[in-house]
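A.B. asks: Below is the structure I would like to discuss, written out as structure tokens.
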Amino acid sequence: MSTPPSVYPVPEALAAQAAIGRGDYERLYDESVRDPDAFWARAAQRLQWMQVPTQIRDVSFALEDFRIRWYGDGELNASVNCLDRHLHTRGDKTAILWEGDDPATPPRHVSYRELHARVCRLANALRSLGVRKGDRVTIYLPMIVESAVAMLACARVGAVHTVVFGGFSPASIADRVADCGSKLIITADEGLRGGRRIPLKANVDAALKLPGTNSVETVLVVRHTGGAVGMQMPRDRWYDAVVDDQPDTCEPERMNAEDPLFILYTSGSTGKPKGVLHTTGGYLVFASYTHEAVFDLREDDVYWCTADVGWVTGHSYIVYGPLANGATSLMFEGVPNYPSVSRFWEVVDRHKVSIFYTAPTAIRALMRDGDAPVKSSSRASLRILGTVGEPINPEAWRWYHGVVGDGRCPVVDTWWQTETGGILIAPLPGAIDAKPGSATRPFFGVQPAIVDAQGTVLEGEAEGNLVILDSWPGQMRTVYGDHQRFIDTYFSAYPGSYFTGDGCRRDADGDYWITGRVDDVINVSGHRIGTAEVESALVSHPKVAEAAVVGFPHDIKGQGIYAYVTLVAGEEGTDALLKELVAHVRGEIGPIATPDHLQWAPGLPKTRSGKIMRRILRKIAENAPDQLGDTTTLADPSVVESLLRERRGAA
Ligand code: WTA
């Protein structure tokens with residue numbers, strides 16, 4: 001067998017047609033870092049401002065003089081940019097193309113005009129319910145058009161939305177509501193995924209019984225499945241009853257560029273999830289610009305990002321980026337394998353999708369079912385393929401390119417984070433040759449660097465931790481309610497630069513290869529889970545004395561969750577208790593945090609100062625006992641032997 005290519009050059013036709021072609025990248029990148037003020041002033045012209053900014057950037061990552069401000073004197077409204085601005089030229093164009101969980105449900109084409117009216121009606125309803133600029137609104141909805149309507153209606157009245165993924169448990173909803181003091185929650189009776197009903201309203205009811213949630217005055221409930229729900233008056237209101245009769249125009253709030261647009265909670269290496277706060281102007285410039293450039297967007301594209309709006313990918317690349325660009329954004333309620341593993345490709349054919357953006361975990365899962373379920377579809381409409389969320393292994397990349405894209409479509413591997421607001425490293429498809437497994441080159445204005453453990457910036461071919469040396473407009477501005485935590489988490493490890501938490505290699509050509517998290521964050525199917533969160537869920541069970549959680553390599557999920565549990569004295573590690581603990585974690589956090597393995601640990605490996613040695617636990621979880629490394633600092637080496645014996649017994 002011949003070795004597969006390691007470089008996939010830009011197709012000639014695309015290099016000629018793309019808005020950013022070969023040669024343009026170097027020139028624009030160079031300008032963007034040489035004169036960022038001029039570059040980003042020009043980029044801001046892509047938006048419609050109520051007050052055009054004259055101050056472009058005001059940034060210092062230095063701890064003693066820390067600030068990040070973009071377009072500081074600009075004023076705009078994000079919903080106007082995503083809706084009103086398109087009414088003249090694209091009023092009848094489909095803004096959101098909705099495809100339901102069940103293929104028999106008729107798809108819906110929501111035009112820019114209709115979306116505008118729906119957003120205005122909800123915005124008026126929110127105002128009538130007392131929601132004002134700066135108030136927080138929690139959105140806990142399935143993948144239905146109302147989720148985009150809700151986000152944009154909040155933006156219209158200046159409320160700060162915080163979307164909670166529908167897979168999170170009542171306890172997780174309550175934590176988030178309590179942290180930001182939400183005044184109102186928008187939810188639905190039930191969600192629908194792969195034919196299963198998700199009790200969203202019941203989860204909200206359970207969440208609002210938990211402490212810290214009494215800031216919530218109103219719960220708006222969308223009728224989606226028609227499933228029975230309990231309504232607690234006057235708190236709970238049917239969405240249609242409150243919204244449908246509202247006027248379909250609504251005066252947008254004037255927002256400063258640095259006014260908050262949304263908060264999105266994400267897991268870090270310590271403590272509870274952080275409220276990542278994004279502001280209006282810089283975020284929208286960056287989300288829309290990256291969306292247009294990275295996917296080589298054209299007016300007639302049908303663009304489909306398979307993420308959920310509960311994650312940042314859904315915020316930037318289902319709602320804000322595509323709609324600010326006047327694109328047609330497909331929103332899919334379902335899952336890749338329902339009713340069959342051909343579903344993605346059937347949807348692509350049905351709606352003539354031209355740009356398709358998904359996660360490596362989905363690609364790996366579908367690849368396992370072989371080529372036939374893909375080959376049974378045409379996919380002739382596809383033009384560009386994208387991936388996001390975790391490192392993509394070259395085998396999966398090649399399958400995506402060769403089988404899904406029939407070898408015709410460039411694959412853009414996009415590296416970014418909730419914190420970055422938009423894509424920071426990716427091969428622009430008309431300009432940069434792709435390499436399976438590499439996100440390749442930084443977007444305009446983004447200055448990545450690789451540092452060693454001491455913080456020394458490494459030049460040329462190098463491997464180490466990935467930092468970003470200067471700000472970009474889509475950067476998060478703070479951790480909601482805890483600015484010091486923002487600075488400590490991201491700017492103190494390598495003073496003067498933003499620390500990403502990722503490891504990275506740069507090859508001899510200058511291309512970047514992300515190697516994965518270097519902190520205590522596990523990336524399960526592209527979802528970030530903090531080991532500390534799972535540990536605290538476990539120890540909140542009365543029978544658990546101590547727990548340590550690590551990630552381990554998983555064929556489909558990328559990483560799986562491996563938990564070591566020490567029980568309180570006198571308790572026995574039975575199968576029934578094991579099931580109970582797994583269910584307990586699901587209840588505390590949600591199904592996405594379900595441990596894949598749980599091992600009873602009579603003791604945990606600790607240093608003499610009592611610090612758990614996760615490095616060793618990771619190697620035991622990987623079943624690599626010969627790679628334990630230095631164990632001389634262990635307080636009690638026999639602990640490791642007993643864990644290894646258990647692990648082997650289990651394998
Ligand atoms: C990982 C998702 C390799 C990375 C947008 C990052 C990736 C974390 C890639 C952020 C990629 C995301 N290649 N790793 N193309 N994209 N990651 O906040 O570890 O949910 O730090 O944002 O996902 O996950 P988050």
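The values are calculated or read from the model by the stated rules, or taken from the named source; none is laboratory data. Treat the numbers as computed from the prediction; the structure is a model and nothing was measured. Neighbour counts are summed over all protein chains in view; Cβ atoms, including those assigned to glycine, are modelled from backbone coordinates with ideal geometry.
A.B. asks: Given the conditions (1) assigned to a strand (DSSP E or B); (2) within 12 Å of the ligand (Cβ to nearest atom), and given that residue 490 satisfies all but one, which numbered condition is not satisfied?
C.D. replies: Looking at each condition in turn, residue 490 falls short on (1).
A.B. asks: Can you tell me which residue within the stretch 447-469, out of those that are β-branched (Val, Ile, Thr) and part of a strand (DSSP E or B), is surrounded by the fewest Cβ atoms within 10 Å (Cβ to Cβ)?
C.D. replies: Applying the first criterion (β-branched (Val, Ile, Thr)) to the stretch 447-469 yields 450-451, 456-457, 467-468.
After this cut, where a residue has to be part of a strand (DSSP E or B) as well, the list is 450-451, 457, 467-468.
Details: 450: 21, 451: 20, 457: 14, 467: 25, 468: 22.
Looking at the filtered set, the residue picked out is 457.
A.B. asks: Can you name the residue in the stretch 470-490 that is surrounded by fewer than 19 Cβ atoms within 10 Å (Cβ to Cβ) and touching a residue at least 60 places away in the same chain (Cβ under 8 Å) and is also farthest from residue 53 (Cα to Cα) among such residues?
C.D. replies: Within the stretch 470-490, the match that is farthest from residue 53 (Cα to Cα) is 485.
A.B. asks: Moving on. How many residues, within the stretch 508-539, are within 15 Å of the ligand (Cβ to nearest atom) and either closer than 24 Å to residue 460 by Cβ or of a type outside the set (D, E, K, R) (or both)? Please lay out each step first, then the result.
C.D. replies: Taking the stretch 508-539 first, the residues within 15 Å of the ligand (Cβ to nearest atom) are 511-531, 533.
With the extra rule that they be either closer than 24 Å to residue 460 by Cβ or of a type outside the set (D, E, K, R) (or both), the set shrinks to 511-516, 518, 521-527, 529-531.
Counting residues in the stretch 508-539 that are within 15 Å of the ligand (Cβ to nearest atom) and either closer than 24 Å to residue 460 by Cβ or of a type outside the set (D, E, K, R) (or both) gives 17.
A.B. asks: Consider residue 204 carefully, then state whether it is under 22 Å from residue 152 (Cα atoms), in contact (Cβ under 8 Å) with a residue 12 or more places away in the chain, touching a strand residue (DSSP E or B) at 6+ places or on another chain (Cβ under 9 Å) and not in a helix (DSSP H, G or I). Show your work before the answer.
C.D. replies: Working: under 22 Å from residue 152 (Cα atoms): yes; in contact (Cβ under 8 Å) with a residue 12 or more places away in the chain: yes; touching a strand residue (DSSP E or B) at 6+ places or on another chain (Cβ under 9 Å): yes; not in a helix (DSSP H, G or I): no.
Spelling it out, it is not the case that residue 204 is under 22 Å from residue 152 (Cα atoms), in contact (Cβ under 8 Å) with a residue 12 or more places away in the chain, touching a strand residue (DSSP E or B) at 6+ places or on another chain (Cβ under 9 Å) and not in a helix (DSSP H, G or I).
Condition check ((1) more than 14 Å from the ligand (Cβ to nearest atom); (2) modelled with pLDDT under 95; (3) of a type outside the set (S, T, N, Q)) across all residues:
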site	(1), (2), (3)
276	no, no, yes
282	yes, no, yes
290	no, no, no
311	no, no, yes
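A.B. asks: Kindly indicate which of 499, 444 is over 27 Å from residue 180 (Cα atoms) and either outside any strand (DSSP E or B) or in contact with a helix residue (DSSP H, G or I) (Cβ under 8 Å, 6 or more places away or on another chain) (or both). Talk me through it step by step, then tell me what you get.
C.D. replies: On the way: 499 fails: over 27 Å from residue 180 (Cα atoms).
Testing whether each residue is over 27 Å from residue 180 (Cα atoms) and either outside any strand (DSSP E or B) or in contact with a helix residue (DSSP H, G or I) (Cβ under 8 Å, 6 or more places away or on another chain) (or both) leaves just 444.
A.B. asks: Only one of (1) within 16 Å of the ligand (Cβ to nearest atom); (2) modelled with pLDDT of 95 or more fails for residue 548. Which number is that?
C.D. replies: (1)
A.B. asks: Taking only pairs six or more apart or across chains, which ones have beta-carbon atoms under 7 Å, a first residue in the stretch 343-363 that is more than 16 Å from residue 409 (Cα to Cα) and in contact (Cβ under 8 Å) with a residue 60 or more places away in the chain, and a second residue that is surrounded by fewer than 24 Cβ atoms within 10 Å (Cβ to Cβ) and among the aromatic types (Phe, Trp, Tyr)?
C.D. replies: 347/332
A.B. asks: Being buried (at least 19 other Cβ atoms within 10 Å of the Cβ), more than 9 Å from the ligand (Cβ to nearest atom) and farther than 17 Å from residue 344 by Cα narrows it down to one residue among 379, 441; which is it?
C.D. replies: Details: 379 fails: farther than 17 Å from residue 344 by Cα.
Checking each option against the conditions leaves just 441.
A.B. asks: To continue, here is another question. Looking for whichever is modelled with pLDDT of 95 or more, away from the ligand (no atom under 16 Å from the Cβ) and in a loop (DSSP other than H, G, I, E, B) here; the options are 430, 474, 402, 422. Which one fits? Full working, then the answer.
C.D. replies: Details: 474 fails: away from the ligand (no atom under 16 Å from the Cβ); 402 fails: in a loop (DSSP other than H, G, I, E, B); 422 fails: away from the ligand (no atom under 16 Å from the Cβ).
Among 430, 474, 402, 422, only 430 is modelled with pLDDT of 95 or more, away from the ligand (no atom under 16 Å from the Cβ) and in a loop (DSSP other than H, G, I, E, B).
A.B. asks: Can you list the strands (runs of 3 or more DSSP E) lying wholly within the stretch 91-144 that have 1 or more residues being under 23 Å from the mean Cα position of the chain (by Cα) and in contact (Cβ under 8 Å) with a residue 24 or more places away in the chain? Spell out the reasoning first.
C.D. replies: Details: elements: 94-99, 108-111, 136-140.
In the stretch 91-144, 94-99, 136-140 are the strands (runs of 3 or more DSSP E) which contain 1 or more residues that are under 23 Å from the mean Cα position of the chain (by Cα) and in contact (Cβ under 8 Å) with a residue 24 or more places away in the chain.
A.B. asks: On to the next question. Could you grab the pairs with beta carbons closer than 7 Å, sequence gap of 6+ or different chains, first residue in the stretch 312-330 and closer than 13 Å to residue 297 by Cα and in contact (Cβ under 8 Å) with a residue 24 or more places away in the chain, second one polar (S, T, N, Q) and part of a helix (DSSP H, G or I)?
C.D. replies: Correct list of pairs: 321/288; 321/290; 324/81; 324/288; 325/288.
A.B. asks: Residue by residue through the stretch 344-376, note down the ones that are within 16 Å of the ligand (Cβ to nearest atom) and either of a type in the set (Ser, Thr, Tyr) or more than 25 Å from the chain's Cα centre (by Cα) (or both).
C.D. replies: 357, 358, 361
A.B. asks: If the requirement is being surrounded by fewer than 21 Cβ atoms within 10 Å (Cβ to Cβ), in contact (Cβ under 8 Å) with a residue 12 or more places away in the chain, outside any helix (DSSP H, G or I) and under 27 Å from the mean Cα position of the chain (by Cα), which of these qualifies: 192, 210? Before the answer, list the steps.
C.D. replies: Details: 192 fails: surrounded by fewer than 21 Cβ atoms within 10 Å (Cβ to Cβ).
So the residue among 192, 210 that is surrounded by fewer than 21 Cβ atoms within 10 Å (Cβ to Cβ), in contact (Cβ under 8 Å) with a residue 12 or more places away in the chain, outside any helix (DSSP H, G or I) and under 27 Å from the mean Cα position of the chain (by Cα) is 210.
A.B. asks: Now a separate question. List, please: which pairs have Cβ atoms under 7 Å, are six or more places apart or on different chains, and start with a residue in the stretch 400-416 that is touching a residue at least 60 places away in the same chain (Cβ under 8 Å) and end with one that is among the β-branched types (Val, Ile, Thr) and part of a helix (DSSP H, G or I)?
C.D. replies: Between residues of the stretch 400-416 that are touching a residue at least 60 places away in the same chain (Cβ under 8 Å) and residues that are among the β-branched types (Val, Ile, Thr) and part of a helix (DSSP H, G or I), the close pairs are 412/294; 414/294.
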